[in-house]
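Below is one structure; the comments refer to it alone.
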Amino acid sequence: RGIDLKIPAGTTLAVVGRVGAGKTTLVRLLPRLLEAGPDQVFIDGVPVEQIPLRDLRAAIGYVPQDTFLFSDTIRGNIDLKGQCQDEVEWAAGVAQLQADLEVLPRGLETLIGERGVTLSGGQKQRTALARAVISDPRILILDDALASVDTRTEEKILAQLRQVMRQRTTILTAHRISTVKDADQIVVLVVPDPAEALAEGATGEQA
């Protein structure tokens, strides 16, 4: 409620706030993983509910907090559209997966099991990041997508992502200041104190 937000095309928006503030809820409205109601969320001035769902989601690369991976190879999880080898390796490089691929038994062809059970949390997130990047989306949404990687790896990923983000609109949520410090805009979501909200309600004011 009460959010009036404009994100210029090609810029980066960071959304921060404590747990439960609504960061994930906010970013999930854009690909319509949650519905905001008519004429609430727009892309290029068009309400998202008027854009065919297939077209809408094809234009968005979304890396959620809870990464979903298929029971397939790492390549199969990154490359959903039959891209060439160079593109797969490039996406893996952006996500800093090269060192991991070198020690895995079959590199990109390593089977990872249902939901990626054979990978660490950081490896899962980086695989999902590579999948989002290789799709060349107009809009890239990273929902605390680097939370499971160490700060040194995060720095390397962000350095690579800066080149990718220059060509597209990026929305990211994070708890680490290092993740969001270079964003064009930083929005802080604040949850009102329950006692204050009740008091304001009693006086007829909106929380």
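The values are calculated or read from the model by the stated rules, or taken from the named source; none is laboratory data. Values in this document were obtained by computation on a predicted structure and should not be read as measured data. Cβ sites come from the backbone with ideal geometry, for glycine too, and all protein chains shown count toward neighbours. Heads up: the accessible areas ignore ligands, DNA and RNA and are worked out on the full protein's heavy atoms, side chains in. Shrake-Rupley method; radii C 1.70, N 1.55, O 1.52, S 1.80 Å.
Kindly indicate whether Gln85 is open to solvent by 20 Å² or more (accessible area, probe 1.4 Å) and touching a residue at least 60 places away in the same chain (Cβ under 8 Å). No. Filtered by the rule that a residue be of a type in the set (Val, Ile, Thr) and within 11 Å of Tyr62 (Cβ to Cβ), the range 117-145 gives Ile139, Ile141. Filtering Ala99, Ala21, Ala91 for residues that are crowded, with 18+ Cβ neighbours inside 10 Å and closer than 30 Å to Arg152 by Cβ leaves a single hit, Ala91.
Pairing residues of the range 173-194 that are closer than 14 Å to Ala145 by Cα with residues that are β-branched (Val, Ile, Thr) and open to solvent by 70 Å² or more (accessible area, probe 1.4 Å), at Cβ distances under 8 Å and at least 6 apart in sequence or on separate chains, gives Arg176/Thr151; Ser178/Thr151; Val180/Ile186.
Residues checked against (1) farther than 20 Å from Arg75 by Cα; (2) touching an Asp or Glu at 6+ places or on another chain (Cβ under 9 Å); (3) among the basic types (Lys, Arg); (4) free of Cβ contacts under 8 Å to residues at least 40 places away in the same chain:
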{"position": "Leu97", "(1), (2), (3), (4)": "no, no, no, yes"}
{"position": "Ile134", "(1), (2), (3), (4)": "no, yes, no, no"}
{"position": "Lys156", "(1), (2), (3), (4)": "yes, no, yes, no"}
{"position": "Arg168", "(1), (2), (3), (4)": "yes, yes, yes, no"}
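For the range 76-132, taking the residues that are basic (Lys, Arg) and farther than 15 Å from Val149 by Cβ, the one that is nearest to the chain's Cα centre (by Cα) is identified as Arg131. Among the residues of the range 63-75, the ones that are among the hydroxyl-bearing types (Ser, Thr, Tyr) and closer than 19 Å to Ala145 by Cα come to 1 in all.
Taking the range 45-94 as the range and being farther than 11 Å from Pro31 by Cα and of a type in the set (Gly, Ala, Ser) as the test, the residues that pass are Gly45, Ser71, Gly76, Gly82, Ala91, Ala92, Gly93. Residue count for the range 140-191, restricted to those that are among the β-branched types (Val, Ile, Thr) and outside any helix (DSSP H, G or I): 11. Taken over the range 130-139, residues that are part of a helix (DSSP H, G or I) and of a type outside the set (Gly, Ala, Ser) amount to 3. Across the range 105-122, a minimum of one residue is classified as crowded, with 21+ Cβ neighbours inside 10 Å and outside any loop (DSSP other than H, G, I, E, B).
All conditions in (1) buried (at least 18 other Cβ atoms within 10 Å of the Cβ); (2) closer than 20 Å to Thr173 by Cβ; (3) touching a Gly at 6+ places or on another chain (Cβ under 9 Å) hold for Phe68, with the sole exception of (1).
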